[in-house]
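Structure record follows, encoded as structure tokens.
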Amino acid sequence: MFRRERSIPLRGSAAALCNNLSVLPLPTRTLTHFGVVHGPSAQLLSAAPDGVPLAQRQLHAKEGAGVSPPLITQIHWCVLPFRVLLVLTSHRGIQMYESDGSVMVYWHALDAGDASLVQAVFARGIAASGHYVCVGTWSGRVLVFDIPTKGPNIVLSEELARHQTPITDIATEPAQGQDCVADTVTADDSGLLCVWRSGPKFKLLTQIPGFGAPCSSVQLWQGTVAAGYGNGQVRLYEASTGTLHVQISAHARAVCALDLAPELLSAAEDTFIHIWKLSRSPEGGYIEVEHCHGECVPDTQICGARFCDPSGSSFAVTGYDLAEILRFSSM
């Protein structure tokens with residue numbers, strides 16, 4: 001069971017974008033960083049365990065060419081083995097900062113040459129895999145950046161071109177050195193999932209076709225892909241083969257966020273957040289799902305939800321036109 005805790009006030013509100021909340025817990029400093037985007041700016045907040053805000057910072061999208069300020073599409077902390085980067089995507093490009101947002105270390109401008117006059121240009125979908133940061137784009141391409149241990153010498157090392165529609169989300173998990181292990185999954189607006197093995201050259205392992213609904217959010221759990229869709233379903237697939245394990249009619253409206261720590265959290269536009277316990281049967285190896293908790297945020301279009309700690313004992317929620325980050329902790 002979870003109970004509502006003290007909310008964290010925002011200077012503005014959260015934009016109506018899926019996955020519009022990033023959380024970076026800092027246990028050694030008893031702090032948690034939160035990131036939310038709205039329009040051309042992103043808000044970074046640091047809060048104590050009791051929810052008291054200790055610091056706030058605003059980041060803005062790099063202008064580039066154009067008469068209007070570019071809209072930010074996502075903000076996400078990428079935890080690499082040797083450093084943490086804050087990555088911001090917009091309609092102009094990709095910005096990478098030191099973890100506190102104080103220094104921008106890299107800027108990648110999007111090339112709109114392939115876009116038609118009526119097609120929006122943007123980047124969206126951010127994840128770290130080993131010493132790489134993967135970022136999705138409007139064209140369906142996934143840009144893979146090689147990150148050095150320190151400094152700004154970041155290199156675009158590869159472009160993955162298996163998607164034909166805009167990328168919506170990217171998820172990764174440590175490969176643990178096993179051969180042919182799926183450690184990266186990319187999702188797009190058509191619902192297609194591509195499962196990859198990361199490395200100096202990313203290898204496509206399998207493609208999981210869509211079924212008419214966009215996939216808005218993905219996660220990886222012990223070689224299993226958890227995918228949330230625009231029809232409210234959450235589906236669990238075997239990452240290496242694409243076999244469907246479980247189909248959950250989790251929500252009445254589109255899923256807007258998934259997270260893992262170690263339970264699965266799903267949030268949707270139906271105002272509900274659900275917590276699911278995942279386990280693998282020792283006999284048959286199939287996935288078992290148990291509903292653990294449901295929380296309703298009345299009259300709110302939820303747009304982001306994340307666990308606040310690795311144990312999953314607390315989570316945070318953002319909503320469209322909601323000038324606060326809602327916090328819940330286990331009782």
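The values are calculated or read from the model by the stated rules, or taken from the named source; none is laboratory data. These numbers come from a predicted model, not from an experiment. Please note: Cβ atoms are built from the backbone with ideal geometry, for glycine as well, and neighbour counts cover all protein chains shown. Side chains included, ligands, DNA and RNA excluded: accessible areas come from the protein's heavy atoms. Shrake-Rupley method; radii C 1.70, N 1.55, O 1.52, S 1.80 Å.
Heavy-atom accessible surface of Y229, to the nearest 10 Å², is about 0 Å², with a 1.4 Å probe and all protein chains retained.
Given Cα pairs under 8 Å that are at least 6 residues apart, what percent is the relative contact order of region 22-68? That works out to 26 percent.
Surface exposure of region 225-290, expressed per residue as accessible area with a 1.4 Å probe, stands at 38 Å².
In straight-distance terms, cross-link reach from K201 covers every one of the lysines whose alpha-carbon lies under 23 Å from its own, apart from those fewer than eight places away in the same chain; here that gives K150.
Here the label points at R6 and Q56, each 7 Å from Cα along the C-beta direction, are separated by 1.6 nm in the simple model. Between V84 and S313, full extension at 0.36 nm per residue minus the direct alpha carbon distance yields a gain of 80.1 nm. Of the trypsin sites (Lys or Arg not before Pro) found in region 10-99, those in coil by DSSP whose Cβ has at most 12 other Cβ atoms within 10 Å are R11. Average accessible surface for region 88-172: 41 Å² per residue, computed with a 1.4 Å probe over protein heavy atoms with every protein chain in place. Applying 1/(1 + (r/R0)^6) with R0 = 45 Å to the Cβ-Cβ distance of S68 and L31 gives a FRET efficiency near 0.80. The residues packed around H293, meaning those with a beta-carbon under 10 Å from its beta-carbon, carry a net charge of -1 if Lys and Arg are +1 and Asp and Glu are -1.
Normalise the Debye intensity by I(0) for region 175-325, one equal point scatterer per Cα, no solvent, then take log10 at q = 0.18 Å⁻¹ and round to two decimals. Here log10 of I(q) over I(0) equals -1.08.
Counted by Cβ distance under 13 Å from V36, the other residues give a net charge of +1, where Lys and Arg count +1 and Asp and Glu count -1. Of the residues F315, I275, V234, the one whose Cα sits farthest towards the positive end of the charge dipole of region 178-331 is V234 (charges of +1 on Lys and Arg Cβ, -1 on Asp and Glu Cβ, taken about the Cα centre).
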